[in-house]
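The values are calculated or read from the model by the stated rules, or taken from the named source; none is laboratory data. Keep in mind the model is a prediction, meaning the values are calculated, not measured. Cβ placement follows ideal geometry from the backbone for every residue including glycine, while neighbour counts extend to all protein chains displayed. What goes into the accessible areas is simple: the full protein's heavy atoms, side chains included, and nothing from ligands, DNA or RNA. Shrake-Rupley method; radii C 1.70, N 1.55, O 1.52, S 1.80 Å.
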Amino acid sequence: MSASWADVADSEKAASRAKPAYVPPHLRNRQSEPVAHLPQNDRGGYGGQPSRWAPGGGVGGGGGYRNDVGRPGQGYGGRGSGGWNNRGGGWDREVNPFGDDADLEPAVLENTGINFDAYEDIPVETSGGDVPPPVNTFADIDLGEALNLNIRRCKYVRPTPVQRNAIPILLAERDLMACAQTGSGKTAAFCFPIISGIMRDQHLQRPRGSRTVYPLAVILSPTRELASQIHDEAKKFAYQTGVKVVVAYGGTPINQQLRELERGVDILVATPGRLNDLLERARVSMQMIKFLALDEADRMLDMGFEPQIRKIVEQMDMPPRGMRQTMLFSATFPSEIQRLAADFLSNYIFLAVGRVGSSTDLIAQRVEYVHEADKKSHLMDLLHAQRETQDKQSLTLVFVETKRSADALENWLCMNEFPATSIHGDRTQQEREVALRSFKTGRTPILVATDVAARGLDIPHVAHVVNFDLPNDIDDYVHRIGRTGRAGKSGIATAFFNEKNAQLARQLAELMQEANQEVPEWLTRYASRASFGGGKKRGGGRFGGRDFRREGSFGSGGGRGNDYYGGGGYGGGGYSGAPSGGGYGGAPSGGYGGGVTSAWD
DNA sequence: AAAAAAC
């Protein structure tokens, strides 16, 4: 069904030999792409097989039934089963988001090939008063029966480091600012406590009678695709808990979302613009908000977003900090942004946590000097080489600077018989979702993207991230390369560097050095030359950041805290790098054996 | 200067 890269390339090569007809990319995508409303599961690992799983709790299952909220890529195949949702639509059938539930056998929960010892080496730093201690297993946490069952259905065996630390903090009703590596299981880390907390508060009566709805939790995301992904995840975690999760974002008709909201909402996942719209229309009120979560929090508070977020959090009807629980998550958290974020938080705990084989160990980073004019041919060389060596599943994500150049590069790749598609903010939402699905399924194993795809998106099988144009911000680089090397798999990141990127040289060289990557000699020269620019102070590659409240105590007022980078002075002790096998050697060195789904996000 | 996010 999904053609592999090599297959597509070969067949297209053959076709073009016979008849060199160029098909523009936008038409190409339409040809055999399923229509928008056709339910199709594009999330790897959760299978599209209709399930005949019957809920163990004795809640009746429905007949053959498919629910489709009307967004492409949304519908899960599966048999609906009645939930006991007692708010706004208890009659609703809840789709089983677990395509395949075959094994809830104890055997699955053991012998998973996970190197548990490696968990002991995770560097963790917390600050703030009275930090609740971490837990070692999900069983150590009282999340409730229904949620525990869903965790098992997700085949999460043990909590990831960020979950081990963040969940107890959040269950203790503390505010949290959390820095954790890309792909480290952040979504579950904030979803579990939210769902659990809402289940406990289910007696809460909310105003009725008007068309206004009163969610108890709101989760904000900087992009629509990430909001959609969080929604999908949250629905799995909330299955049969009676907690209703709804998503709202722009680029798609609002009426469907309004109808969905009217049927009841506990957790609203949203992008800022659409949420503001809903608030202004008084279709959503935040009076009852108990939980506020910002994913990719540093992005949510950067110059473009800050006013919108401030409006939502401070100028509408949201309870003030201290009267709600606020949680901010990101892989990067520059101190300027932490300073802004502190406005939203009350007596919060700062948490910075690494992971088993941090992404920097699992991602082989390369930098190549490529003049602007040579980039395309250089990319082609890479793709040709990769076509020879990589397996057919593997995907390549190519980042460019502008929407225009994304279109141009996609077009150029297609003309040169490379099956590519693109995603950026000038494409319609439908085009964006089609492109993403086409990439995920391997139909077009090359995706050209702007930074819209840089953060949070979990795309299995991305083997190679190419920074065709490097970003100006090193944190953006961190997020981009984090699209590969996920869930314990290794990945490659290649960057094209030239004069235009001189400003980034020093930070890039430092980042690579911290990650035990080979830094080309010419880059080191660039880095020392461009040292005046310096760029911003990074929190450190291993932790993703440090609490800005503690900066003074390290006496690094003007420069950067060398002690931070040196690894000295931290209770976590020595960081031992990759858990099994050294560095990048070809074979995945992560702690997960094949087929094991962990709680990485 | 660019990207993202509402109509």
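Quick one: is A:THR444 among the polar types (S, T, N, Q), at pLDDT 95 or above, assigned to a loop (DSSP other than H, G, I, E, B) and farther than 24 Å from A:PHE305 by Cβ?
yes
Looking only at segment A:219-231, filter to residues that are among the polar types (S, T, N, Q) and not in a helix (DSSP H, G or I); which one of those is nearest to DNA strand B (Cβ to nearest atom)?
Taking the candidates together, the pick is A:THR223.
State the number of residues belonging to segment A:520-536 that are crowded, with 17+ Cβ neighbours inside 10 Å and modelled with pLDDT of 90 or more.
3
Which residues, taken from segment A:509-518, are surrounded by fewer than 17 Cβ atoms within 10 Å (Cβ to Cβ) and either modelled with pLDDT of 90 or more or closer than 16 Å to A:TYR369 by Cα (or both)? Walk me through how you get there before you give the answer.
Filtering segment A:509-518 for residues surrounded by fewer than 17 Cβ atoms within 10 Å (Cβ to Cβ) gives A:513-514, A:516, A:518.
Result: A:GLU518, single match.
Just checking, does segment A:438-454 include any residue being more than 30 Å from A:ALA509 (Cβ to Cβ) and either within 16 Å of DNA strand B (Cβ to nearest atom) or without any contact (Cβ under 8 Å) to a residue 24 or more places away in the chain (or both)?
Within segment A:438-454, one or more residues are more than 30 Å from A:ALA509 (Cβ to Cβ) and either within 16 Å of DNA strand B (Cβ to nearest atom) or without any contact (Cβ under 8 Å) to a residue 24 or more places away in the chain (or both).
Test of understanding: among A:ARG506, A:ARG480, which residue is of a type in the set (Lys, Arg), assigned to a helix (DSSP H, G or I) and open to solvent by 20 Å² or more (accessible area, probe 1.4 Å)? If you could, list the steps in order and put the result at the bottom.
Values: A:ARG480 fails: open to solvent by 20 Å² or more (accessible area, probe 1.4 Å).
Answer to the selection: A:ARG506.
Only one residue in A:GLN325, A:GLN308 is free of Cβ contacts under 8 Å to residues at least 60 places away in the same chain, under 24 Å from A:THR187 (Cβ atoms) and among the polar types (S, T, N, Q), so which one is that?
Unique residue meeting the criteria: A:GLN308.
Any chance you could count how many residues in segment A:392-431 are on the phi > 0 side of the Ramachandran plot and within 14 Å of DNA strand B (Cβ to nearest atom)?
0
Of the residues in segment A:299-340, how many are farther than 14 Å from A:ARG546 by Cβ and within 22 Å of the chain's Cα centre (by Cα)?
The number of residues fulfilling the criteria is 15.
Kindly indicate whether A:ILE195 is part of a helix (DSSP H, G or I), at pLDDT 95 or above and assigned by the TED database to the domain that holds A:MET323.
yes
Which residues, taken from segment A:157-176, are open to solvent by less than 10 Å² (accessible area, probe 1.4 Å) and closer than 24 Å to A:GLY485 by Cα?
A:PRO159, A:THR160, A:PRO161, A:VAL162, A:GLN163, A:ALA166
If we scan segment A:155-176, do we find a residue that is under 20 Å from the mean Cα position of the chain (by Cα) and in a strand (DSSP E or B)?
Yes, some residue in segment A:155-176 is under 20 Å from the mean Cα position of the chain (by Cα) and in a strand (DSSP E or B).
For segment A:460-472, give me each residue that is within 19 Å of the chain's Cα centre (by Cα), open to solvent by 10 Å² or more (accessible area, probe 1.4 Å) and within 16 Å of DNA strand B (Cβ to nearest atom).
Within segment A:460-472, no residue meets the criteria.
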